[in-house]
């Protein structure tokens, strides 16, 4: 899918049908025909464009002729078997001869949607350097948003930890831990790209652009520190969680063992009284059954009291 956007002098974004200087070309999982057509229109090699569609592509800066490519990772929510986790996917930003701004990705992402919906202040498609830095800043802040969601899920898991006896909650913690690994790795890789841009060797930076880029670096570093902190907390929680689940199961088994002992008393009494042996005065006593039940009941109460004192019930 290919869409072309352009802002007017007042910053109003609109969709246009043809490629014009100063426009923004957004490509989401484009077809081979779309890549070929764009390559011909922009006079950029098709292989250069295809690099941005590799899901294993690492964040980096690449220059070919008069085109510059910036690859960064953006977060997204991945759902598998009813379990949601945060993963990252490459977003490729290409500046073609300082005339066209191209974004390439394998799926829609929330960061670009903010620009499309006009939620970003002072956004102009023809201010390509500023547009890219605004985009990098939004990507850095989006990681913090996902980290806040992970923190909330960690608190919910902590509340459910006390009564947990199944592995379901433990699997959720493992999913959160996996998400933090993806986030930390991507933030560190994105930080390298941000530092390269800050040096000024790749694009021209104006004063306002440089300040915004520095803010993006600060947000990115904050994300790294936060994700590292959450990883340490989550690792400790996972170990504690496993211990609590084991202890809860031990408590259940101890309770069941105590109940088994208490219920075995009436069975033992009935077994002894049911033997084919003379029972003296109890043999023909019409109250023998009632006495038998009372004896079994009293013995069960005594055993239950003893087990309760020993914290086994």
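The values are calculated or read from the model by the stated rules, or taken from the named source; none is laboratory data. No experiment lies behind these values; they were computed from the predicted model shown. So basically every Cβ, Gly included, is an ideal-geometry build from the backbone, and we count neighbours across all protein chains shown.
Descriptive notes on the structure:
- Strands (runs of 3 or more DSSP E) contained in region 50-159 and holding at least 1 residues modelled with pLDDT under 85, closer than 30 Å to residue 244 by Cβ and out of contact with any strand residue (DSSP E or B) (no Cβ under 6 Å at 6 or more places or on another chain): 67-80, 83-96
- Subset tally (residues that are more than 13 Å from residue 106 (Cα to Cα) and surrounded by 13 or more Cβ atoms within 10 Å (Cβ to Cβ)) for region 47-56: 1
- In the condition set (1) assigned to a loop (DSSP other than H, G, I, E, B); (2) out of contact with any strand residue (DSSP E or B) (no Cβ under 7 Å at 6 or more places or on another chain); (3) modelled with pLDDT of 85 or more, residue 20 is compliant with all but (2).
- Residue match in region 29-40 (condition: touching a residue at least 40 places away in the same chain (Cβ under 8 Å), assigned by TED's automatic domain parsing to the domain that holds residue 136 and either at positive phi or surrounded by fewer than 18 Cβ atoms within 10 Å (Cβ to Cβ) (or both)): yes
- Any hit, region 172-179, residues being without any contact (Cβ under 8 Å) to a residue 60 or more places away in the chain and surrounded by fewer than 18 Cβ atoms within 10 Å (Cβ to Cβ): no
- The set of residues in region 36-49 being in a helix (DSSP H, G or I) and farther than 14 Å from residue 103 by Cβ consists of 36, 37, 39, 40, 41, 46, 47, 48.
- Among residues of region 194-219, those that are in a helix (DSSP H, G or I) and out of contact with any helix residue (DSSP H, G or I) (no Cβ under 8 Å at 6 or more places or on another chain), counted: 4
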